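Enquirer: This is the structure I want to talk about, given as structure tokens.
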Amino acid sequence: MPTFQFEAMDPQGQEIRDVIEAQTQDEAQATIRSMGYFVTKISAQKAAAKAGKRSSKKKSFAIGGAGTKKMVTFTRQLSILQDAGLPILRSLQILEEQAQAGALKNALIDVCDEIQGGSSLSEALSKSPKVFDRLYVNMIKAGEAGGSLEVILRRLAEFKERSASLRNKVIGALIYPIVIILVTILILTFIMIWIIPEFQKMFEEFELKLPAITELLMAISDRCVKLWFLFPLIPITMILFVALICKFKAGRMGFHLYLLKLPVFGKIVEKSNLARTTRTLGALVASGVPILEGLSITRETSGNAMYEKIYLKVNDAIRDGDTIARPMKIESRPKFHPVAAFFFMLTLAMPPLAVLFIKPDFWFYVAYGCTVLGLIGLAFYLLYFRRPVVEDLVINMIEVGEETGELDVMLYKVADYYEEEVQTLTDGMIKLIEPAMIIFLGLVVLFIVAALFLPLMSIISGLTGGGGK
């Protein structure tokens with residue numbers, strides 16, 4: 001039986017978009033009018049659209065999902081089009097035509113086809129999970145149910161903008177020291193491999209007895225020339241090792257706890273996670289998503305195993321009739337985790353290993369130093385592992401929100417507060433790194449200059465004395 005797609009108005013003036021099966025278009029109109037609707041537009045649905053296909057639209061090759069910036073722009077534009085009163089299908093078609101080739105355009109082609117086939121917007125979006133995640137789909141679903149889709153879209157755009165801003169702040173804080181360290185390593189490697197060996201040849205020609213500091217510099221240069229391949233190999237090995245550890249549930253939890261307990265950087269990780277998760281949960285609650293579904297989505301988007309565990313326990317407690325605040329306070333104190341302790345011991349034990357790079361026969365002293373520093377790392381972890389990863393401020397604000405019925409408002413306030421805290425911490429870390437890097441580079445330059453200057457002075461004094469006889 002032929003299928004007709006129609007747009008109509010109900011007695012209250014609300015727009016209705018749906019599909020109906022009938023033998024003819026007149027019969028379809030009569031059926032729609034019998035339902036109490038006033039038909040404004042009706043057309044026969046093509047077989048290709050009914051099957052969810054579109055032959056005239058070709059997808060481009062794309063890997064992964066759409067970028068955050070594209071999603072923010074798309075959501076903002078869709079909100080504006082909905083405010084202007086355009087039908088959702090027409091709005092999506094306009095944005096699909098404007099979109100550049102990629103994952104978002106491919107997803108919009110599929111979404112338009114699904115809606116033409118009779119699916120709701122949330123159902124159509126759920127068919128493209130790489131572009132539209134669960135949070136996005138559920139907020140749209142809540143907006144459809146409450147008849148406030150344009151408001152939800154506006155909230156979604158604001159939420160994604162704030163989330164992207166927070167992530168960029170953290171990434172920006174990490175990029176600066178990483179770039180400085182990489183450039184420093186490259187410069188020092190160049191000096192050790194190409195400059196120092198030339199001085200070594202000159203010193204050998206003059207048969208000088210080199211000072212201890214110069215011999216140390218020459219030994220470092222010699223090892224750099226012979227073991228240059230270790231410079232890229234060591235960081236790659238470390239990344240692969242961490243990735244392998246995180247493949248296991250216990251390993252991932254331990255590494256994430258290690259990150260949370262690091263000085264300074266751990267606070268940034270903690271506060272950025274709290275800002276992101278509270279804003280996510282606040283956006284879902286404000287949009288009308290059920291609290292259990294909201295907690296489940298928040299857990300999936302937290303990105304940290306410790307916070308995933310907290311939200312899972314809170315979810316289970318609410319199912320048993322409890323509140324959010326009480327189980328969150330209980331679960332916010334981590335238990336001792338051997339993998340986290342191992343990472344702290346490994347972090348402090350690694351610097352002495354650099355001595356083996358220069359003097360392999362010093363293995364006994366290296367082993368002793370690694371043991372002592374490893375125990376210091378373990379002691380540090382034992383002192384701080386019970387510190388809660390959710391501060392009392394968050395617990396109290398959530399408790400007040402639950403009591404007053406303004407949970408979403410309190411969650412937004414918590415998110416705003418921690419975003420400011422992250423900004424303050426990242427600015428402070430950058431200000432701390434700058435003088436630290438200057439002091440480090442100054443000491444390195446002083447070491448190299450002193451190591452080369454002392455034998456050069458001997459050569460100059462020898463040549464001067466020889467010329468005066």
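Enquirer: Using 1/(1 + (r/R0)^6) with R0 = 41 angstrom and r between the beta carbons of A243 and K209, what's the FRET efficiency to the nearest 0.05? Please report the intermediate quantities before stating the final value.
Expert: Values: r = 49 Å, r/R0 = 1.20.
Efficiency computed from Cβ-Cβ geometry: 0.25.
Enquirer: Can you give me the relative contact order of the range 3-45 as a percent, contacts being Cα pairs under 8 Å and 6 or more apart?
Expert: 51 percent
Enquirer: Quick one: if the Förster radius is 25 Å, what FRET efficiency do I330 and F265 give, using the C-beta to C-beta distance and rounding to 0.05?
Expert: So, using R0 = 25 Å, E works out to roughly 0.40.
Enquirer: Additional query: Which is farthest toward the positive dipole end of the chain among I324, V225, A286, measuring Cα position about the Cα centre, with Cβ charges +1 (Lys, Arg) and -1 (Asp, Glu)?
Expert: Checked the options; the winner is V225.
Enquirer: Another question about this same structure. In what order do F206, F344 fall by count of nearby beta-carbon atoms within 10 Å, going from fewest to most?
Expert: Numbers: F206 11, F344 23.
So the residues, fewest neighbours to most, are F206, F344.
Enquirer: OK, next. Pick out, from T189, I178, A164, the residue whose Cα sits farthest towards the positive end of the charge dipole of the range 150-216, with +1 on the Cβ of Lys and Arg and -1 on the Cβ of Asp and Glu.
Expert: Working it through, the farthest residue towards the positive pole turns out to be A164.
Enquirer: Moving on. What value does the range 68-156 have for Rg/Rh, both radii from Cα atoms and Rh as Kirkwood defines it?
Expert: Here the Rg-to-Rh quotient is 0.91.
Enquirer: When we measure straight from the Cα of K141, which aspartates and glutamates land under 16 angstrom away, once same-chain ones fewer than 8 places off are left out?
Expert: Correct list for K141: E114, E123, D133, E150, E293.
Enquirer: State the percent of C-alpha pairs, over all pairs in the range 198-275, separated by a distance greater than 18 angstrom.
Expert: Result for the distance tail: 66 percent.
Enquirer: Sticking with this structure for a sec: Please compute the Cα-Cα pair-distance distribution of the chain with 20 Å bins starting at 0, giving whole percents from short to long.
Expert: 18, 38, 27, 13, 4, 1, 0
Enquirer: Using the per-residue mean of other Cβ atoms lying within 10 Å as a proxy for protection, in what order, highest first, do the peptides 321-328, 285-292 fall?
Expert: 285-292, 321-328
Enquirer: Excluding V39 itself, what net charge comes from residues whose Cβ is under 15 Å from its Cβ, given Lys and Arg +1 and Asp and Glu -1?
Expert: Neighbour charge sum, excluding V39 itself: -3.
Enquirer: Continuing with this model, one more query. What does the extension gain come out to for W194 and L292, with contour length at 0.36 nm per residue minus their alpha carbon separation? Don't skip to the answer; put the middle values down first.
Expert: Details: separation 98, 0.36 × 98 = 35.28 nm, distance 6.24 nm.
29.0 nm is the gain from fully extending W194 to L292.
Enquirer: What FRET efficiency would be calculated for the residue pair I63, T347, taking the C-beta separation as r and a Förster radius of 41 Å, to the nearest 0.05?
Expert: Numbers: r = 35 Å, r/R0 = 0.85.
So, using R0 = 41 Å, E works out to roughly 0.75.
Enquirer: List the trypsin sites (Lys or Arg not before Pro) within the range 288-356 that fall in a DSSP loop (any state other than H, G, I, E or B) and whose Cβ has at most 12 other Cβ atoms within 10 Å. Present the calculation step by step, with values, prior to reporting the outcome.
Expert: Details: sites: R299, K309, K313, R319, K329, K335; in loops: K335.
Sparse-neighbourhood loop trypsin sites (Lys or Arg not before Pro): K335.
Enquirer: For the range 3-45, what is the convex hull volume of the alpha-carbon atoms per residue, in Å³?
Expert: Here the figure is 51 Å³ per residue.
Enquirer: Tell me the label-point distance for the pair L463, E27, using the 7 Å Cα-to-Cβ offset, in nm and rounded to one decimal.
Expert: Between L463 and E27, the simple spin-label model gives 10.8 nm.
Enquirer: In addition: Counting only C-alpha contacts under 8 Å and six or more residues apart, can you give the relative contact order of the chain as a whole percent?
Expert: That works out to 13 percent.
Each value in this text was obtained by applying a stated rule to the coordinates, not by laboratory testing. Just so we're clear, the structure is a prediction, and the values are computed from it rather than from any experiment. With ideal geometry, Cβ positions are generated from the backbone for all residues, glycine too; neighbour counts draw on all protein chains shown.
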